[in-house]
Amino acid sequence: MIPPKIFLAAAGLLYALGFLVCFLSFAKSRMHWFPRGEVCVGAGFVLHLAACVLCPFSIMNLQHVLSLLAFSMVVLYFLLRLMKRGQGLWLFAFPLVFVFSAFALVLPLQADPSASFSSSFFVLHILVALLGIGGIFFGILYSFLYLIQEKSLKEKNWGAVSTLMPSLAKADSFAVHSLWGGFILYTIGVAMGIVWSYRIKGVATSLNLKEVGALVAWVIFALLLFIRARYGWRGKRAILLYGVGVVSILAAIGGIRIL
């Protein structure tokens, strides 16, 4: 049997190749190349799925979590493309998918978790939280696309940008919907984690790095959405909060290794 890491390595290479082809279609204004890049990413997705099916999954291994996060981002990307809302996302999504896959490939496996970490409720908590994180990441990516499109319009620099990226209004609308959808799922995931912790440990939170990072990220994005709704913050003014929120999420994911 072919080792799962071979499938994951091949998927990572196809993700990188897909991004390269899409980038060249953008840089060289060769729009007919772009679908070929997406085909490469789609082929990588199939191999990634094979790796996930063949590898015994442990939700408390950082390697597996990163692999699942990369996988879920590809799923969300193609779902958004089917809904005509994925325009321009490749510019940030494909490199992130490749980076997460690469780290999943090179990180060592950890020891098997305890039975409590393998319970269906805990696994569901992690899956819902990861989908929420994927939605939040896509909301942030749309916000960056908003900045890029805004700069292009101000400088009257059109061409490939207008073809491969959403309009200013669509980028802003997609960012809001992705952030809200991701935040709602992330909130449900965090709430499930608190319930699980209370059932298993007798306390709502142990205040370790993973849990603190998750809670700080929730507060940051709740604050961001409130400020955006109340004061209309977007673009450069929201970037700092985005950065702090992403660092908190990454700290929560990294905390899995020392839980």
G139 meets each of (1) outside any helix (DSSP H, G or I); (2) at pLDDT 70 or above; (3) touching a Leu at 6+ places or on another chain (Cβ under 9 Å) with one exception, condition (1)
With the first residue restricted to segment 209-225 and required to be in a helix (DSSP H, G or I), and the second required to be modelled with pLDDT of 75 or more and β-branched (V, I, T), Cβ contacts under 6 Å at 6 or more apart or on different chains are A214/V190; W218/V190
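Could you please give the count of residues in segment 219-238 that are of a type outside the set (F, W, Y) and modelled with pLDDT under 70?
Qualifying residue count, segment 219-238: 5.
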Here the residues within segment 174-205 that are closer than 25 Å to L141 by Cβ, at pLDDT below 85 and surrounded by fewer than 18 Cβ atoms within 10 Å (Cβ to Cβ) are V176, H177
Counting only residues in segment 46-70 that are within 16 Å of L131 (Cβ to Cβ), buried (at least 18 other Cβ atoms within 10 Å of the Cβ) and of a type in the set (A, V, I, L, M, F, W, C), the one modelled with the highest pLDDT is identified as A70
Considering segment 71-91, residues that are in a helix (DSSP H, G or I) and surrounded by 18 or more Cβ atoms within 10 Å (Cβ to Cβ), and then whichever is modelled with the lowest pLDDT, we arrive at W90
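The values are calculated or read from the model by the stated rules, or taken from the named source; none is laboratory data. These figures come from a predicted structure and were not determined experimentally. Ideal geometry is used to build each Cβ from the backbone, glycine not excepted, and the neighbour counts take in all protein chains shown.
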